[in-house]
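First the structure, in the form of structure tokens, and then the observations on it.
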């Protein structure tokens, strides 16, 4: 992710309110200030702050569905739907604080990965290691929830859960 500095002073992002899930996160006519973007233009993900409220959303040009997957994966993910607009944080300040804390947690998670048991070790060692990994993820998510009460640590669908699990699984 890299910051994207807007050329103008007005909010320029327009969310694609493709369906009901998108309309839960954004309203018609809302515009966002660009905070971050990444990826090729056709699939570009952007993080923006809603003008007036400062609520931080992830937006992309269109929802991601089964049709966007290679044909061999479509059956296994038949009901895939990632909305084109998703809630990220309640404010820019909370987004920044959470981002910095996740960055710091990355070092701890990386150290945990260095302790992964070798493949030939007993299952109990692997089980204990996975338990520590999940405990680490839970602790990070609980701290995120303390920063932003609108983020649920126990909701696997939140964007912060995706960020944290990718953070703790460096092979992803």
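Laboratory data are not the source of any read-out in this text; all were calculated from the coordinates shown. The model shown is predicted, which means the values in this text are computed figures rather than measured ones. Ideal geometry is used to build each Cβ from the backbone, glycine not excepted, and the neighbour counts take in all protein chains shown.
With a 10 Å Cβ neighbour count serving as the proxy for reagent exposure, in which order, fewest first, do 155, 120, 10 appear?
The order, fewest Cβ neighbours first, is 120, 10, 155.
The base-10 log of I(q)/I(0) for the chain, evaluated at q = 0.16 Å⁻¹, reads -1.06 [Debye formula, identical scatterers on Cα atoms, solvent excluded]. Rounded to the nearest 10 degrees, the angle from helix 92-114 to the longest Cα principal axis of the chain is 20 degrees.
Across the chain, the relative contact order, built from alpha-carbon pairs under 8 Å that are at least six residues apart, equals 16 percent.
Round to the nearest 0.05 the FRET efficiency obtained for residue 134 and residue 73 when R0 = 25 Å and r is the Cβ-Cβ distance.
0.45
For segment 98-172, the Kirkwood radius over C-alpha pairs fed into Stokes-Einstein at 20 °C and 1.002 mPa s yields D = 166 µm² per second.
Taking packing as the residue-averaged number of other Cβ atoms within 10 angstrom, the listed peptides 19-30, 67-78, 44-55 run from highest to lowest as 44-55, 19-30, 67-78. Kirkwood radius, segment 2-89, all distinct C-alpha pairs, inverse of mean reciprocal distance: 13.7 Å.
The spread of Cα positions in segment 62-140, taken along each principal axis and listed from longest to shortest, comes to 43, 41, 15 Å. Once the Cα atoms are used to define both axes, helix 159-168 deviates from the longest principal axis of the chain by about 30 degrees.
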